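*Asks:* The structure is given below, and queries will be raised subsequently.
The values are calculated or read from the model by the stated rules, or taken from the named source; none is laboratory data. Quick caveat: nothing in here was measured; it's all calculated off a predicted structure. Counting neighbours? That spans all protein chains shown, and the Cβs are built from the backbone with ideal geometry, glycine included.
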Amino acid sequence: MYSGFSLENKVIVVTGATGVLGESFVNGLADAGAIVGVLGRNVAVANERVENIIKNGGQAIALIADVQNEQQVEAARDLLVSKYGRIDGLINGAGGNRPGGILQPEGDIFALNIDGMKEVMDLNLWGTLIPTQIFGKIIAQTGGSIVNISSMTAKRAVTKVMGYSLAKAAIDAYTQWFAVELANRYGDAIRMNAIAPGFFLTEQNRTLLTTEDGGYTKRGELVLNQTPFKRFGHPDELVGALIWLLSDASKFVTGTVINVDGGFIVNSGV
């Protein structure tokens, strides 16, 4: 069997690991043989996910940090390196939306909540750049892969989520730009790519897309109408792309954004 997809004993950090998508990320990586750094702000959830991985025969360590706090991220890096001696990969999974980054249909387009928009930009953009700066320098010493999380909103105009759209478009630009700069300095030793999920149900968007009785809101129906598979994604369906991008199977791939979206991005609606 082709072994290029193996993550056996690779030390991989996942930021945003205490979220809904983060849970699938850390479990999928552990199942693939990786040693997982479970990084997030929620101490109880991080410890619980580490315990579950260890109980199932895997290896993991809780790393408690806010991705926008450089000192906390540096402390997490030092803890990881002191225990395992290296870092082979990073998933920049931390991010999300905030109420201040929303532009409602009835809102004044010339009276944007600038502070709210900045908050969403800071979380998603700097919450990706800061961990990359701190963990990436270690990854570059022995080689490895960094995966960012983009979004359909970076590619298509999705109403309401203006701040999030701007932030994820910046992630796409950063992924391409930084991949080139990494290659210029380190050759093929360290790569950067991104995954652009379609619409997956999370705690943040569940009430926007579904009703209490299990049906769909008007917005949910619009999303499904645009998605050829006519369903939302399950977080586990992101894991295959992640494993590929983190493994040697993709060692000639850099600066690429992979859509995992049930066809949303290619559908004209006609």
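*Asks:* Of Val81, Val73, which residue is at pLDDT 95 or above, in the same structural domain as Val50 (by TED's automatic domain parsing), surrounded by fewer than 19 Cβ atoms within 10 Å (Cβ to Cβ) and within 22 Å of Leu182 (Cβ to Cβ)?
*Replies:* It is Val81.
*Asks:* Any residue in region 220-248 that is closer than 19 Å to Thr18 by Cα sitting within a Cβ distance under 7 Å of a residue that is of a type in the set (Ser, Thr, Tyr) and surrounded by 15 or more Cβ atoms within 10 Å (Cβ to Cβ)? List the pairs, counting only those 6 or more apart or interchain.
*Replies:* Listed by first residue and then by second, the contacts come to Pro235/Ser24; Asp236/Ser24; Leu238/Ser24; Val239/Ser24.
*Asks:* Can you find a residue in region 209-219 that is in contact with a Phe, Trp or Tyr (Cβ under 8 Å, 6 or more places away or on another chain), modelled with pLDDT under 95 and either of a type outside the set (Lys, Arg) or crowded, with 22+ Cβ neighbours inside 10 Å (or both)?
*Replies:* Yes, some residue in region 209-219 is in contact with a Phe, Trp or Tyr (Cβ under 8 Å, 6 or more places away or on another chain), modelled with pLDDT under 95 and either of a type outside the set (Lys, Arg) or crowded, with 22+ Cβ neighbours inside 10 Å (or both).
*Asks:* Hey, among the residues in region 84-107 that are part of a loop (DSSP other than H, G, I, E, B) and at pLDDT 95 or above, which one's farthest from Gly163 (Cα to Cα)?
*Replies:* Ranking the candidates gives Gly85 first.
*Asks:* Against the condition modelled with pLDDT of 95 or more, among the aromatic types (Phe, Trp, Tyr), assigned by TED's automatic domain parsing to the domain that holds Leu29 and surrounded by fewer than 16 Cβ atoms within 10 Å (Cβ to Cβ), how does Trp244 come out, does it pass?
*Replies:* Judged against the criteria, Trp244 is not a match.
*Asks:* Determine which member of the set Ile54, Ile61 is in a helix (DSSP H, G or I) and in contact with a strand residue (DSSP E or B) (Cβ under 8 Å, 6 or more places away or on another chain).
*Replies:* Ile54
Residue-by-condition table, conditions (1) touching a strand residue (DSSP E or B) at 6+ places or on another chain (Cβ under 7 Å); (2) in contact (Cβ under 8 Å) with a residue 24 or more places away in the chain; (3) under 21 Å from Ala154 (Cα atoms); (4) not hydroxyl-bearing (Ser, Thr, Tyr):
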residue	(1), (2), (3), (4)
Val43	yes, no, no, yes
Lys83	yes, no, no, yes
Gly89	yes, yes, no, yes
Asn92	yes, yes, yes, yes
Ala111	no, no, no, yes
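*Asks:* Which of the residues that make up region 84-135 are buried (at least 23 other Cβ atoms within 10 Å of the Cβ) and either among the aromatic types (Phe, Trp, Tyr) or outside the structural domain of Ala65 (by TED's automatic domain parsing) (or both)?
*Replies:* Passing the criteria: only Phe135.
*Asks:* Specify the residue that is nearest to the chain's Cα centre (by Cα); the eligible residues are those in region 28-51 that are surrounded by fewer than 22 Cβ atoms within 10 Å (Cβ to Cβ) and part of a helix (DSSP H, G or I).
*Replies:* Filtering first and then ranking leaves Gly28.
*Asks:* Then there's this: Just name the residue that is nearest to the chain's Cα centre (by Cα) out of those in region 101-136 that are β-branched (Val, Ile, Thr) and within 24 Å of Arg86 (Cα to Cα).
*Replies:* Among residues in region 101-136 that are β-branched (Val, Ile, Thr) and within 24 Å of Arg86 (Cα to Cα), the one nearest to the chain's Cα centre (by Cα) is Thr128.
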